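Please read the structure below before turning to the comments.
The values are calculated or read from the model by the stated rules, or taken from the named source; none is laboratory data. Predicted, not measured: the structure shown is a model, and the values here were computed from it. Heads up, the Cβs are rebuilt from the backbone with ideal geometry, glycines too, and the neighbour counts pull from every protein chain shown. All accessible areas refer to the heavy atoms of the entire protein, side chains included, with ligands and DNA or RNA removed. Shrake-Rupley method; radii C 1.70, N 1.55, O 1.52, S 1.80 Å.
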Amino acid sequence: MTTISAASPPIGRTVKKWLLPAVPFAILVALWGLAVLLFDPPVGVLPSPALVFEAPFNSDPYLANVGASVQRLILGFLVAASTGVVVGVAAGLSKPIAEFLGPLTTFMNALSGIAWIPLAVAWFGPGTGMVVFIVWNAAFFLVFGNTMLGVRLVPDVLQNGLLTLGASRMDVIRQVIVPGAMPYIMSGLRSGLGFGWRAVIAAELVGASLGLGAWIFEQQEFSRMDNIMAGALTIGVIGMVMDRWLLAPLERRTIERWGMVGSAS
Amino acid sequence: MVKPASTTTATGKDLGAVRAAQSESPGLFGVAGLSSVIRALLPFVVAILAWWAIWAVLDPPEIILVSPASVFGSFIDSIAEGALPTFIARSLARLGIGTLIAIGLGVPMGWLLGLDEDVAQAAEPIMRFFNAVSGIAWLPAMIIWFGFTETTIQAVIVYTMLFPVAFNAMIGVRTIPKRYRDACRTMGAGTLRIIRDVYMPGSFPSVMTGLRLGIGFGWRALIAGEFVVGTTAGGGLGFFIFDARTQGVIGKVMAGMIVLGVLWLLMDRLILRPIEETINVKWGAVSA
């Protein structure tokens, strides 16, 4: 890897930026392939990389399961994001209410998501409703807590400035409080989605017949390790794509645009 | 170049953010006296009253919701039976062992990877990827490899905690200002000395961020693991609530959930926060 670093800056750096991260993946796949060749383990214990990469194309329910999981995640997350932000802003506007809800939020955060699965199964029965509730539950308290905190941290002086200039309460909320709290809202949303996605998988593992979690758990009964590993890797790819390519850039842009509310513009 | 703040702090900060939200109000174990204890407990009292009112008004069937009194009864019963204390001990032991293994493997791994910028840059995406393939997603594979055993639960916890810990240890080393290293070198320090006196202490705050994130994920992975594997692997709190649901005893389910929440708060206030504060007081300046 040190040899690559000798390349000339402009083109070399771009190549390096893309090539370098590929190296560990390549090594890992090579080692995996080699291990399969050398030790020849049963397919049910460790299939070859090729088998795992083919699995999605050979398995009909793959796409339906991916679709079901992603759909549940999006649904639950949208509800969590909207309720979390709205309720969080409302609660954050009042200091006593925010202080009152603070400890409760911590407590709920501590057991959000996965710990609710048994109760959710009792309430909704197995299936989509239960999984969506769990996603909502996993994400809501993070979004709510962060939003409330972000609102509380918007300096009063900015609100008073607008009020002095004749703005209405609504104007202040729209133009000062929500933008001011935006960096916190975004980081709440981002970690909410991360916890939400893990919660989808866990909920499906024990309480659904469709979805990636249900699928890999069912494949375990048939020792279809190729499908299990394909499913697990898919879970990783989806989680990473959402976080790195959707929410991280959004968060960065939000912080760049509104993050410095306190000090310079 | 590994970006210092934007990536990790993003994940670390949000948890910190929620934490800071509570520090506005007096903590559960704040030393500020009786009035602050009452103020901290009041929200919970009100929440329990609200729950009681909802239960009384809706009069739901017993398999949907039970009264706080009935949950308390289930809690006492479960303690008397001995199941709950055993399961609490078992879950905490699993988390403790998992944490120790994850620190033992993850921190040195992160430090090593962080020593060289190119290596760190190469390692970042793959660590992010395996962090995104959550331990829960590996559960079926682990079952095949290790069976419905203790090993499976432990492996899932360690896996889940390893990547946040290692990743943040690595970032911690990468974000130490180079002039500290250079200053030590100028004064004649060798590489080992620099690792010991600059990289290790300088990365502590970041390691702690990783650990907190890891325990948050690991705690949930533990519960999920115990749902699925607990029957044959000797129970645990996750198994306790899962099994109670199967029996249709919602009082036990809710008692178990409350125990989970309380345990987390206790761990947070009595272990994590004191360590974090010590680290920040002693070494925090480095990251500023």
Where residues in the stretch B:212-244 are within 29 Å of B:Glu277 (Cα to Cα) and among the aromatic types (Phe, Trp, Tyr), which of them is surrounded by the most Cβ atoms within 10 Å (Cβ to Cβ)?
-> B:Trp219
Only one of these is under 20 Å from A:Ala138 (Cα atoms), of a type in the set (Ser, Thr, Tyr) and more than 11 Å from chain B (Cβ to nearest Cβ): A:Ser94, A:Ser48, A:Ser82. Name it.
-> A:Ser82
Take B:Trp138 and decide whether it is hydrophobic (A, V, I, L, M, F, W, C), within 28 Å of A:Val241 (Cα to Cα) and without any contact (Cβ under 8 Å) to a residue 40 or more places away in the chain.
-> yes
Of the residues in the stretch A:200-211 that are crowded, with 24+ Cβ neighbours inside 10 Å and at the interface with chain B (Cβ under 8 Å from one of its Cβ atoms), the one that is farthest from A:Ser59 (Cα to Cα) is A:Ala202
Residue check, A:Asn137 of a type outside the set (Gly, Ala, Ser), in a helix (DSSP H, G or I) and free of Cβ contacts under 8 Å to residues at least 12 places away in the same chain | no
Select from the stretch A:122-147 the residues that are β-branched (Val, Ile, Thr) and surrounded by 23 or more Cβ atoms within 10 Å (Cβ to Cβ) and write down the one among them that is farthest from B:Val71 (Cα to Cα).
-> A:Thr147
Contacts under 6 angstrom Cβ, first residue in the stretch A:86-113 being under 21 Å from A:Ile177 (Cα atoms), partner among the basic types (Lys, Arg), 6 or more apart = A:Gly92/A:Arg152; A:Ala98/A:Arg152
Please give the number of the condition B:Thr209 fails out of (1) open to solvent by less than 30 Å² (accessible area, probe 1.4 Å); (2) within 20 Å of the chain's Cα centre (by Cα); (3) not small (Gly, Ala, Ser).
-> (1)
Among the residues of the stretch A:154-177 satisfying the criterion of being under 17 Å from A:Gly84 (Cα atoms) and touching a residue at least 24 places away in the same chain (Cβ under 8 Å), which is surrounded by the fewest Cβ atoms within 10 Å (Cβ to Cβ)?
-> A:Ile173
The stretch B:143-169 residues that are over 15 Å from B:Ile215 (Cβ atoms), paired with ones that are outside any helix (DSSP H, G or I) and open to solvent by less than 30 Å² (accessible area, probe 1.4 Å) (beta carbon under 6 Å, 6 or more apart) = B:Thr149/B:Ala233; B:Glu150/B:Ala233; B:Ile153/B:Ala233
Residue under evaluation A:Ala202, criteria (1) without any contact (Cβ under 8 Å) to a residue 60 or more places away in the chain; (2) among the aliphatic types (A, V, I, L, M); (3) under 20 Å from B:Ala224 (Cα atoms), criterion not met = (1)
Selected residue (only one of B:Val57, B:Val37, B:Val71 is touching a Lys or Arg at 6+ places or on another chain (Cβ under 9 Å), more than 22 Å from B:Leu222 (Cβ to Cβ) and either among the small types (Gly, Ala, Ser) or not in a loop (DSSP other than H, G, I, E, B) (or both)) = B:Val71
Residue satisfying all of: in the stretch A:179-198; out of contact with any Leu (no Cβ under 8 Å at 6 or more places or on another chain) and at the interface with chain B (Cβ under 8 Å from one of its Cβ atoms); nearest to A:Gly145 (Cα to Cα) among these = A:Ser187
Could you check B:Ile258 against (1) touching a residue at least 60 places away in the same chain (Cβ under 8 Å); (2) more than 9 Å from every other protein chain (Cβ to nearest Cβ); (3) surrounded by fewer than 21 Cβ atoms within 10 Å (Cβ to Cβ) and say which number it fails?
-> (2)
For the subset of the stretch B:60-98 comprising residues that are farther than 22 Å from A:Val121 by Cα and charged (D, E, K, R), which member is most open to solvent (accessible area, probe 1.4 Å)?
-> B:Glu81
Here are some residues: A:Gly231, A:Gly236. Which one is within 9 Å of chain B (Cβ to nearest Cβ), surrounded by fewer than 21 Cβ atoms within 10 Å (Cβ to Cβ) and in contact with a helix residue (DSSP H, G or I) (Cβ under 6 Å, 6 or more places away or on another chain)?
-> A:Gly236
Please state which one of A:Leu75, A:Leu111 is within 30 Å of B:Ala47 (Cβ to Cβ), open to solvent by 20 Å² or more (accessible area, probe 1.4 Å) and assigned by TED's automatic domain parsing to the domain that holds A:Gly196.
-> A:Leu75
Any hit, the stretch B:132-143, residues being in a helix (DSSP H, G or I), more than 9 Å from chain A (Cβ to nearest Cβ) and open to solvent by 30 Å² or more (accessible area, probe 1.4 Å) | no
Among A:Val23, A:Val70, A:Val85, which is the only one that is at pLDDT 95 or above and more than 30 Å from A:Gln219 (Cβ to Cβ)?
-> A:Val85
Only one of B:Phe148, B:Phe129 is within 13 Å of another protein chain (Cβ to nearest Cβ), modelled with pLDDT under 95 and not in a helix (DSSP H, G or I), namely B:Phe148
